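Down below is the structure, laid out as structure tokens.
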Amino acid sequence: MLLQRESQLPQKKMRAEFPESMLNQYPEDAINSKTVHECAEKGDPIAIEVFRYTGQKLGEALANFVMFSSPEAILLFGGVIKAGDFILKPAKLHMERNLFPLFRNKVKLVFSELEEADAAILGASALVWEK
């Protein structure tokens, strides 16, 4: 119960500090990634900040991945790509910021154009093909 209350503090604080946000029009339990994306497309600063923060965390995690695997490219697919540049730009920025200079500006971060199910099946097939 304590964790649940603590995780709601930033959301309640943001609602109070930014009453003009379109996200305040929705009950807390009705806000999901689609709602946030729709508000971000309309210029809502809180929705844009949600994607910036999420992109930052994604970029930091990708930097860690790059440093132990040294890929040429990272291909993202699924729900995350629906956010487009709202998430890609901060993810790329924070990935690059957190990389050792040896890896900077060498790893491509791209979105798949395949449907989610197709991408998963092709990825699994590629693993089998290599073996």
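The values are calculated or read from the model by the stated rules, or taken from the named source; none is laboratory data. As the structure is a computational prediction, the values presented were derived from the model and not from experiment. As a convention, Cβ positions derive from the backbone with ideal geometry for all residues, glycine included, and neighbour counts pool all protein chains shown.
Structure summary
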read-out: Tally of residues being assigned to a strand (DSSP E or B) and crowded, with 16+ Cβ neighbours inside 10 Å across the stretch 96-117; value: 2
read-out: Matching option when the condition is of a type in the set (K, R) and farther than 30 Å from E38 by Cβ, among R104, R97, R52; value: R104
read-out: Answer residue from the stretch 13-38, given it is modelled with pLDDT of 85 or more, of a type in the set (A, V, I, L, M, F, W, C) and surrounded by 15 or more Cβ atoms within 10 Å (Cβ to Cβ) and is farthest from the chain's Cα centre (by Cα) among those; value: M22
read-out: Pair list, Cβ under 6 Å, 6 or more apart: the stretch 80-102 residue free of Cβ contacts under 8 Å to residues at least 60 places away in the same chain and under 21 Å from S112 (Cβ atoms), other residue among the aliphatic types (A, V, I, L, M) and surrounded by 12 or more Cβ atoms within 10 Å (Cβ to Cβ); value: F86/A40; A91/L58; K92/L109; M95/L62; M95/A63
read-out: Residues of the stretch 23-54 classified as under 25 Å from L93 (Cβ atoms), of a type outside the set (F, W, Y) and not in a loop (DSSP other than H, G, I, E, B), total; value: 18
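Conditions tested, residue by residue: (1) surrounded by fewer than 18 Cβ atoms within 10 Å (Cβ to Cβ); (2) of a type outside the set (F, W, Y); (3) in contact with a strand residue (DSSP E or B) (Cβ under 9 Å, 6 or more places away or on another chain); (4) under 26 Å from I121 (Cα atoms).
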{"residue": "T54", "(1), (2), (3), (4)": "no, yes, no, no"}
{"residue": "L58", "(1), (2), (3), (4)": "no, yes, yes, yes"}
{"residue": "L75", "(1), (2), (3), (4)": "yes, yes, yes, yes"}
{"residue": "K82", "(1), (2), (3), (4)": "yes, yes, no, yes"}
{"residue": "H94", "(1), (2), (3), (4)": "no, yes, no, no"}
